[in-house]
Structure formats: structure tokens, C-alpha cells
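A.B. asks: First the structure, then my questions, so here it is.
The values are calculated or read from the model by the stated rules, or taken from the named source; none is laboratory data. Here the structure is a predicted model, which is why all the values come from computation and not from measurement. In this analysis, Cβ positions are derived from the backbone assuming ideal geometry, glycine residues included, and neighbour counts consider all displayed protein chains.
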Amino acid sequence: MMEYIPFFLLAAGLYGLTRRNALKVLLSAEMVSLGAIILVAGSQYQALALFLLGASAIEAMVGFTVLLWLYKTFETVDLDVIRGLRG
């Protein structure tokens, strides 16, 4: 049963990337990267998995910072509204 968890994370993350809410898209990207890390960690590449986990944490920090800036600037996290505000 445990061997299906990475594939579930990958599938759920890819489905979530089609959403309109920026927070859901960011969390889905994290699910995809976590699924990939779990797949790598099961093999002999544990050092690579730790490196990827650190890179994923940095990505999440930068993503949430950009998300907070978007919310403060546009007062929404809806990606369609943010895309429509281009000049």
C-alpha cells in the first residue's frame, strides 16, 4: 500500500496545477515535488533526496513570499484576475 503514495501525490499534484487559486497551485507544486522526492528516497540516492527536500523548502518559502506580495498588491489570489491586470 505504501508504494502507491508517491504516485497518488504526483497525480493529485498534477490535477491541482489546473486550479485558478494561486495557493492551490503552489501547494500542488509542492505535492508533485514531494512525490518525486519519495520516489527517489526509496532507492540508493538518499543524499539526493535530502538535497531535493531542501530545495523544495526554499521553493515553498519563495513561493509563499510571492503569494503574499500578490495578495497585498491585488487583494486576490485568483490567477485569472491577476493575469487580466496586465497592461
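A.B. asks: Going by the conditions given, is SER56 among the hydroxyl-bearing types (Ser, Thr, Tyr), closer than 21 Å to MET2 by Cα and in a helix (DSSP H, G or I)?
C.D. replies: When the stated conditions are applied, SER56 does not pass them.
A.B. asks: Report whether or not THR65 is polar (S, T, N, Q), in a helix (DSSP H, G or I), at pLDDT 90 or above and more than 12 Å from the chain's Cα centre (by Cα).
C.D. replies: Criteria met by THR65.
A.B. asks: Same structure, new question: Does ALA36 satisfy the criteria of being of a type in the set (Gly, Ala, Ser) and surrounded by fewer than 15 Cβ atoms within 10 Å (Cβ to Cβ)?
C.D. replies: no
A.B. asks: Another question about this same structure. Taking the criterion of being surrounded by fewer than 17 Cβ atoms within 10 Å (Cβ to Cβ), small (Gly, Ala, Ser), at negative phi and more than 10 Å from the chain's Cα centre (by Cα), would at least one residue in the range 11-19 satisfy it?
C.D. replies: Yes, that holds for at least one residue.
A.B. asks: Pairs needed: first member in the range 54-74, exposed (fewer than 14 other Cβ atoms within 10 Å of the Cβ); second member anywhere, part of a helix (DSSP H, G or I) and of a type outside the set (A, V, I, L, M); C-beta distance under 9 Å; at least 6 residues apart or different chains.
C.D. replies: Cβ pairs passing all conditions: ALA55/SER33.
Every residue, every condition in (1) part of a helix (DSSP H, G or I); (2) at pLDDT below 90; (3) closer than 25 Å to LEU79 by Cα, yes or no:
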{"residue": "GLU3", "(1), (2), (3)": "yes, yes, no"}
{"residue": "ALA12", "(1), (2), (3)": "yes, no, yes"}
{"residue": "LEU23", "(1), (2), (3)": "yes, yes, yes"}
{"residue": "VAL32", "(1), (2), (3)": "yes, no, yes"}
{"residue": "LEU39", "(1), (2), (3)": "yes, yes, no"}
